[in-house]
Amino acid sequence: MYKKLPDIKWIIKQLLSTPSISCTSADIDQGNLDVINLLANWFESLDFHCEIQRLDKAGGAEKNKANLIATLGTGNNGLVLAGHTDTVPFDENRWQVDAFNLTEKDNRFYGLGSCDMKSFFAVIIEALKSIDLNRIKQPLIILATADEETSMSGAKAIAKHADKFALNNARYAVIGEPTNMIPVRMHKGMMMEAIQLTGSAGHSSNPALGNNALEAMHQVITELLTWRSELQNKYKNPLFQVPVPTMNFGHIHGGANPHRLSARSQPQI
Ligand SMILES: [Zn+2]
C-alpha cells in the first residue's frame with residue numbers, strides 16, 4: 001500500500017546516522033531538525049498532516065531544534081505515540097561500533113539512539129505500513145520532540161500549544177521509551193534545581209570581615225538532606241523499584257582557593 005516507504009532497518013540506519021545530541025554544554029549540543037525533517041517526509045508519505053514547531057532560540061544561538069506533530073484524522077479520543085529525537089552525548093573510545101551507524105550483532109541493533117529511542121519511530125512506520133489508514137476512526141498523532149535529554153524544551157513547547165495541535169482531544173498516549181518490553185504506566189517525574197548562595201569575599205585570616213558562602217552551603221545541604229528524609233517517609237510506592245523519592249547532589253561549584261572566604265557557592269540537585 002505504501003511501497004514508497006523504505007524498510008525498517010533502512011529507516012533506523014538513517015535516523016542513527018543523523019546526529020542529534022543534546023547536552024547542557026553548548027560545544028557538544030546539536031540540533032535535531034534533520035531528524036525531524038526525515039520523520040516529516042516519511043509521515044507525509046503516509047498521508048499524515050505534519051507540523052514542524054521550531055523552538056525559540058536559546059541563549060541567542062540558533063540550534064536548529066524542533067518538534068514534529070504529525071496527525072492523521074480529526075476528532076476526539078485520539079491516540080498519541082510520542083518519543084524524543086535527541087540522544088545523550090557519547091564517549092567514542094568506549095564504543096566498539098560506529099555510534100552513528102546501525103550495527104546488527106547477535107540479534108540486536110547497536111548505535112547511538114537505537115534503543116533510546118529513535119528506533120521507536122521506525123517501529124511506528126513499520127506498523128502503519130500494514131494498516132489501512134483510511135479506516136482509522138479516531139485521530140492518530142505522532143509527537144517527536146527535541147531536548148528530552150536536557151531541558152525538556154521540546155515537550156514544554158508542545159504542552160504550551162497543546163490546543164493549537166488538537167492534543168487535548170487525545171485520550172491515550174504511548175511513549176516508546178525502552179522498558180524491556182514491560183509496560184510502565186507511571187513515572188516519578190524529575191526536577192533539576194540549583195541554589196545560589198551569595199556571601200562576601202574576604203581573607204581567611206579574619207572571617208569576621210567576610211561571609212563565607214561555602215560554610216552556608218553546609219547548612220543548605222543539611223536542610224536538603226532533612227527534607228529528603230521527610231519526603232521519603234511521606235511518599236512510598238512499592239510499584240517503583242526505588243519506592244521513595246530520590247534527591248541527588250550532582251554538582252557543587254564554589255570558592256577560589258584556601259585563603260579566601262568564598263563569595264559564592266552553588267549546589268545543584
Ligand atoms: Zn529516552
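The values are calculated or read from the model by the stated rules, or taken from the named source; none is laboratory data. The model shown is predicted, which means the values in this text are computed figures rather than measured ones. Cβ coordinates were reconstructed from backbone atoms using ideal geometry, including for glycine residues, and neighbour counts include every protein chain displayed. The area values use the complete protein model at the heavy-atom level, side chains included, leaving out ligands, DNA and RNA. Shrake-Rupley method; radii C 1.70, N 1.55, O 1.52, S 1.80 Å.
Values computed for the structure shown
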item: Nearest 10 degrees, 0 to 90: helix 119-129 Cα axis against the chain principal axis; result: 20
item: Spin-label proximity, L239 to the stretch 181-204 - amide N less than 15 Å from point 7 Å beyond Cα toward beta carbon; result: 182-189
item: Protein accessible area in the chain, 1.4 Å probe - carbon and sulfur %; result: 52
item: Where the chain is the region considered: accessible area per residue in Å², 1.4 Å probe; result: 63
item: Positive minus negative residues near I12 (Lys, Arg vs Asp, Glu; Cβ under 11 Å); result: 0
item: Stretch gain in nm, segment T246-T103, where the contour uses 0.36 nm per residue and the Cα spacing is subtracted; result: 47.9 nm
item: Largest to smallest accessible area among R94, R171 [probe 1.4 Å]; result: R94, R171
item: Share, in percent, of DSSP beta bridges within the chain that are antiparallel, nearest 5; result: 70
item: Radius 11 Å from Cβ of E104, net charge of other residues (Lys, Arg +1; Asp, Glu -1); result: +3
item: Extension gain (nm, one decimal) between N206 and N37, 0.36 nm per residue minus Cα-Cα; result: 54.7 nm
item: Set K13/K164; K13/K105; K129/K156; K13/K156 screened for pairs whose C-alpha atoms are more than 25 Å apart; result: K13/K164; K129/K156; K13/K156
item: V174/T24 FRET efficiency (R0 22 Å; Cβ-Cβ; nearest 0.05); result: 0.20
item: Degrees, to the nearest 10: 33-45 long Cα axis against longest axis of the chain; result: 20
item: Pair E215, A166: separation of 7 Å Cα→Cβ label points (nm); result: 6.4
item: The chain - charge dipole about Cα centre, Lys and Arg +1 at Cβ, Asp and Glu -1, debye rounded to 20; result: 600
